[in-house]
Amino acid sequence: MFEHYKNGDPKTNYEKANQSCHDSQDKYNDVVTFVDYDHPLIQEALHHQDGPLAAIPIALKDNVNTKDLKTTACCHILDNYIPQYNATIVEKLINAGALIMVKSSMDELAMGGTNLTASTGPVANPYDRTRISGGSSGGSAALVASGAVAMAIGTDTGDSIRKPAAYCGVVGFKPTYGRISRYGIIPYSSSLDHVGVFTTSVKDAAISLEVLAGRDDRDMTSINEKPEPYADLLNSDLHGKTIGIIGNVIDSIDNENILDQFNALVDKLKANGATIQTVYYDEALLKTLLPSYYLIANCEASANHSNLDGLRFGVRMDGDDPTNVMINSRTHGLGPLIRKRFVIGSYGLFEANQEKLFKKAQRIRRLLVNATMDLFKHVDGLLAPAAPTIAPKMDTDSADQLSDQYLIADNWLILGNFTGSPSITVPLGYDHGCPIATNIMTKPFSDQLCLDLASAIEQASGFEPMKGDR
Ligand code: GLN
C-alpha cells in the first residue's frame, strides 16, 4: 500500500485521501476530526518529502496529542482539550513526511473492545456494517480496512490494536514495550500501554516501526536500543524456526471454519520449513489472565485519570464546593463503563484491599510472564487464531464472560501486554464474508523475528482484501 502513494504529489495525495476519509466517515463513522490542508501538521510534513513516509496518508488515534488540534480520546470530559504540544510520535511522523489526515475514533479513554463507547458513536465494520469494528482502536482499523489511509496509529493495552485488526482484515502490530515512545499519548494503564500500527501488509508495518521506534528521554519506559532497518531485513524463511501453537486457545474455539483455516495454515508453515509444536499453559493459571488484567488495568487507569476532575483538567460543571464540582464534572463527562472501571480500580487500590486485589493480580501477572518465558525457551513464536469469532453484531449481548472461549481464546492476546512481547495480527481468510486472523507473539525485544514470522504467515495465508461493503 505504501508503494501506491510513494513519489506521489503530496497535495494530490492529500486531496484524494481527504475525500476517501470523508467517504469512510459517512459509511463507518470512524473519524473524530479532519485535518485541514493548511494545518501545521500537514504544512510541516511538506518540508520532509524526502522521508520514508513521504506523501503517505495516515491516521492517528484520538488519544495522541496533536498541537493545536482537538484531542478528546472520545471522552466528553476532554471535549474542549487542545494540546499545547505534539506527542513524540507525531514529530517523528511529520519528519518522515507522512500526511496526518484525521484523528480516528476509539472507545472512550481506550477502555473497551467494541468501539461502541466512543463519544462520537459506534464505528461500523467495513466488511459488514451491522457488525462492530472492534476496539479500542476501532476507527484506525476501519480507516485502513476501507483504504482511506495507508497506515493508522493505535494503542494497545490488552488487545486494542490486534483484535480490531483481526475483525477488519488488516495487519495490527504492537512491538516490544518501550520500543515506541508514549510521550504525549493519553494513558490508560501505564504498565500495559503500547503504541503500534495498522497497515495492509507486514512490510508496511516494518517500515512504520523504523520511523516510530527509538529512545525518548521524555518517556521513562522507553528502551535504549536504536531502531533497525526492519523492512530491509525482513526474512520469511522458516527453516530452523520453531512455532508453538497454543493448545489451550485452540481447544476453547468452537468455530470450525476458523479452526480449519488455521490448521491449513499450520500445514503450510510446516511445508515451508517450520517445526511445529503444540504447547500448553497450565489451564487454571491461564484462566486468571483476564481477571488479573482487569484489576491491574482498572487500578492504573483510576490513578492515571485522577486529574480528569473538572478542576485540574477537563470540562468543568458547576457545584457548590470543589468536591461537588468534581462529582458533577466526572458524572457528566465520563461514560458508565468508565465510571464502573474507576470504582473497581479505586476499590482495588484501597489500602485494605491492595494485598488481596492489586498486588495479588501483579503476582499472577509474574506467574504468567514466567510461564510464557519458559515456553520461549523452546519455541521462537507462539501462534493461535487472533479471535475465536468474526466481528460480533453491533447489537449482540455481551458474550458469556465465564466461558473458556471468552476467558482464553477471546483474551489470550493480553499475554503480549503482560510480557511486553512484540505481537502481530495477520489476516488469514473469511468466515461468512468477514475476516478472520492469526496472531503471533515472540519474546520481548525480538521485533525483527516477530515481523519475519508474520511475513512468512502472510505469504502462506495469501489473504486478499475483498471488495464487499467497502
Ligand atoms: N478491551 C480491553 C480493555 O477494555 C483492552 C483495551 C485496550 O487494549 N486499550 O481493557
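Worth a mention:
- Tally of residues being among the aliphatic types (A, V, I, L, M) and either part of a helix (DSSP H, G or I) or surrounded by fewer than 17 Cβ atoms within 10 Å (Cβ to Cβ) (or both) across the stretch 42-74: 3
- Yes/no for Y281 being touching a strand residue (DSSP E or B) at 6+ places or on another chain (Cβ under 8 Å), surrounded by 19 or more Cβ atoms within 10 Å (Cβ to Cβ) and touching a residue at least 40 places away in the same chain (Cβ under 8 Å): yes
- Residue check for Y281: within 16 Å of the ligand (Cβ to nearest atom) and closer than 22 Å to T419 by Cβ: no
- Criterion violated by I77 - all others in (1) farther than 18 Å from D216 by Cα; (2) part of a loop (DSSP other than H, G, I, E, B); (3) not basic (K, R) satisfied: (2)
- The stretch 174-197 - residue that is within 14 Å of the ligand (Cβ to nearest atom) and in contact with a Phe, Trp or Tyr (Cβ under 8 Å, 6 or more places away or on another chain) and, of those, nearest to I100 (Cα to Cα): G196
- Residue in the stretch 103-126 that is among the acidic types (D, E), away from the ligand (no atom under 16 Å from the Cβ) and either at pLDDT 95 or above or surrounded by fewer than 21 Cβ atoms within 10 Å (Cβ to Cβ) (or both) present: no
- So S160, is it away from the ligand (no atom under 16 Å from the Cβ), modelled with pLDDT of 95 or more, touching a strand residue (DSSP E or B) at 6+ places or on another chain (Cβ under 9 Å) and of a type outside the set (D, E): no
- All positions within the stretch 406-447 that are farther than 26 Å from P126 by Cα, surrounded by 22 or more Cβ atoms within 10 Å (Cβ to Cβ) and among the hydroxyl-bearing types (S, T, Y): T419, S421, T442
- Test: S208 is of a type in the set (S, T, Y), farther than 19 Å from D62 by Cα and either within 16 Å of the ligand (Cβ to nearest atom) or surrounded by 22 or more Cβ atoms within 10 Å (Cβ to Cβ) (or both): no
Here is a yes/no grid of residues against (1) surrounded by fewer than 24 Cβ atoms within 10 Å (Cβ to Cβ); (2) modelled with pLDDT under 95; (3) part of a strand (DSSP E or B); (4) small (G, A, S):
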residue: T155; (1), (2), (3), (4): no, no, yes, no
residue: G172; (1), (2), (3), (4): no, no, yes, yes
residue: Y183; (1), (2), (3), (4): yes, no, no, no
residue: F198; (1), (2), (3), (4): no, no, yes, no
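- All conditions in (1) more than 25 Å from L234 (Cβ to Cβ); (2) touching a residue at least 40 places away in the same chain (Cβ under 8 Å); (3) outside any loop (DSSP other than H, G, I, E, B) hold for N370, with the sole exception of (2).
- Candidate set: the stretch 407-417, residues that are of a type outside the set (D, E, K, R) and within 12 Å of the ligand (Cβ to nearest atom); chosen: the one farthest from the chain's Cα centre (by Cα): N411
- Between G429, G433, G420, the distinction of being within 16 Å of the ligand (Cβ to nearest atom) and either within 24 Å of V202 (Cβ to Cβ) or out of contact with any Lys or Arg (no Cβ under 9 Å at 6 or more places or on another chain) (or both) belongs to G420 only.
Residues are listed down the side, and each one gets a yes or a no for (1) under 30 Å from T114 (Cβ atoms); (2) in a loop (DSSP other than H, G, I, E, B); (3) hydrophobic (A, V, I, L, M, F, W, C); (4) away from the ligand (no atom under 16 Å from the Cβ):
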residue	(1), (2), (3), (4)
D260	yes, no, no, yes
N263	yes, no, no, yes
Y293	yes, no, no, no
A303	yes, no, yes, no
D309	yes, yes, no, yes
G314	yes, yes, no, yes
G319	no, yes, no, yes
I338	yes, no, yes, no
G345	yes, no, no, no
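- Residue among V64, V90 that is among the hydrophobic types (A, V, I, L, M, F, W, C), away from the ligand (no atom under 16 Å from the Cβ) and at pLDDT 95 or above: V90
- When the stretch 347-387 is limited to residues that are more than 23 Å from the chain's Cα centre (by Cα) and among the small types (G, A, S), the one that is surrounded by the fewest Cβ atoms within 10 Å (Cβ to Cβ) turns out to be A352.
- Close pairs (6 angstrom Cβ cut-off, 6 or more residues apart or separate chains): more than 13 Å from N411 (Cα to Cα) in the stretch 149-170, near the ligand (Cβ under 7 Å from one of its atoms) and among the aliphatic types (A, V, I, L, M) anywhere: T155/A110
- Residues in the stretch 130-141 that are touching an Asp or Glu at 6+ places or on another chain (Cβ under 9 Å) and within 16 Å of the ligand (Cβ to nearest atom): S133, G134, G135, S136, S137, G138, G139, S140, A141.
The values are calculated or read from the model by the stated rules, or taken from the named source; none is laboratory data. Worth saying up front: this structure is predicted, and the values here are computed from it rather than measured. In this analysis, Cβ positions are derived from the backbone assuming ideal geometry, glycine residues included, and neighbour counts consider all displayed protein chains.
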